[in-house]
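Only one structure is covered here, and it is reproduced in the block below.
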Amino acid sequence: MEMTPQRWNATNAYLAEVFGDDPQDRQLQTLMSRAVASGLPDIAVSPEAGRLLTLLARIATGEPRSTGRVLEVGTLAGYSGIHLARGLSAGGSLITIEFEGKHAAFAHAEFAAAGVTDRVEIVVEPALQALPRLARTLGPASLDLVFLDATKREYAAYFEFIAPMLRPGGLFTADNAIASRWWICDPPGDPDRDAMDRFNRNLANDNRFDAGCIPTRNGIVIGRKQ
Ligand SMILES: C[S@@+](CC[C@H](N)C(=O)[O-])C[C@H]1O[C@@H](n2cnc3c(N)ncnc32)[C@H](O)[C@@H]1O
């Protein structure tokens, strides 16, 4: 059966309704509208992608080889971070990197309101400055799950630091595998689209990882380290 624009919109509405945030969860329900009212951009993951992140964090940090540690690049207002933090196993922690002080401050307050501050460290620094230091201090095989959601053209550089930091069996994930303000099936020309296309193809052919893509609206690419 053909996918039409109407079916695509209706499918996304269905996913948000069925696999989105709990309607009783006032904080998550209002978080991004409050963030936008404070001047932050409206670029968080969708509710169904957020719930998927909780599931992935639970899978990745709940198994016997787990280090209990998750790394996010791109905090914004803390929406995806709260989802990740909620999936952590007991004693687990989330490190989330954000270079905009205003975004980090907003997220800090939201992590506190969500009751996860004890599990979350916000690193306020450009990712390519923070990652080499984290690679040195945390060491190899120190992460269970990584979620990239920052500058698309830097994903390949982030990955150089992150791949050795994932434990065997750990999960690498990145948002915007198939869409953002562009679609992956558009002709080449948009630098972010083209960077993401190269990144997807490299991960798919990286023999250290088993890779796939969950086609949420923006697409989450996943690689499991062998
Ligand atoms: C798409 S938003 C993140 C959304 C968030 N993950 C969510 O779903 O709730 C991207 C964030 O990454 C930050 N960012 C972009 N490039 C960065 C970099 N090189 N280093 C650190 N933060 C960066 C931006 O300031 C922005 O807040």
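Where a number appears in this text, it was derived from the coordinates with a stated rule and is not lab data. The model shown is predicted, which means the values in this text are computed figures rather than measured ones. Heads up, the Cβs are rebuilt from the backbone with ideal geometry, glycines too, and the neighbour counts pull from every protein chain shown.
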The residue from Val146, Val123, Val70 that alone is over 15 Å from the mean Cα position of the chain (by Cα), in a strand (DSSP E or B) and either of a type in the set (Val, Ile, Thr) or under 23 Å from Phe19 (Cα atoms) (or both) is Val123
So, of the residues in the range 155-184 that are in a helix (DSSP H, G or I) and aromatic (Phe, Trp, Tyr), which turns out to be surrounded by the most Cβ atoms within 10 Å (Cβ to Cβ)?
-> Tyr155
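So which residues in the range 13-65 are polar (S, T, N, Q), closer than 24 Å to Leu171 by Cβ and either in contact with a Phe, Trp or Tyr (Cβ under 6 Å, 6 or more places away or on another chain) or assigned to a helix (DSSP H, G or I) (or both), if there are any at all?
Those that are polar (S, T, N, Q), closer than 24 Å to Leu171 by Cβ and either in contact with a Phe, Trp or Tyr (Cβ under 6 Å, 6 or more places away or on another chain) or assigned to a helix (DSSP H, G or I) (or both): Thr54, Thr61.
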Restricting the range 126-143 to residues that are outside any helix (DSSP H, G or I) and either under 21 Å from Asp206 (Cα atoms) or more than 16 Å from the ligand (Cβ to nearest atom) (or both), the residue that is nearest to the chain's Cα centre (by Cα) | Leu143
Give the residues of the range 59-80 that are away from the ligand (no atom under 12 Å from the Cβ) and among the polar types (S, T, N, Q), sorted by residue number.
-> Thr61, Ser66, Thr67
Search result, residues across the range 192-210 that are surrounded by fewer than 18 Cβ atoms within 10 Å (Cβ to Cβ) and among the hydrophobic types (A, V, I, L, M, F, W, C) | Ala195, Ala204
Return the total of residues in the range 104-154 being among the basic types (Lys, Arg), touching a residue at least 40 places away in the same chain (Cβ under 8 Å) and surrounded by fewer than 17 Cβ atoms within 10 Å (Cβ to Cβ).
-> 1
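Residues are listed down the side, and each one gets a yes or a no for (1) on the phi > 0 side of the Ramachandran plot; (2) of a type in the set (Val, Ile, Thr); (3) away from the ligand (no atom under 16 Å from the Cβ):
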position: Asp42; (1), (2), (3): no, no, no
position: Thr54; (1), (2), (3): no, yes, no
position: Ile82; (1), (2), (3): no, yes, no
position: Gly87; (1), (2), (3): no, no, no
position: Ile97; (1), (2), (3): no, yes, no
position: Glu100; (1), (2), (3): no, no, no
position: Phe111; (1), (2), (3): no, no, no
position: Asp118; (1), (2), (3): no, no, yes
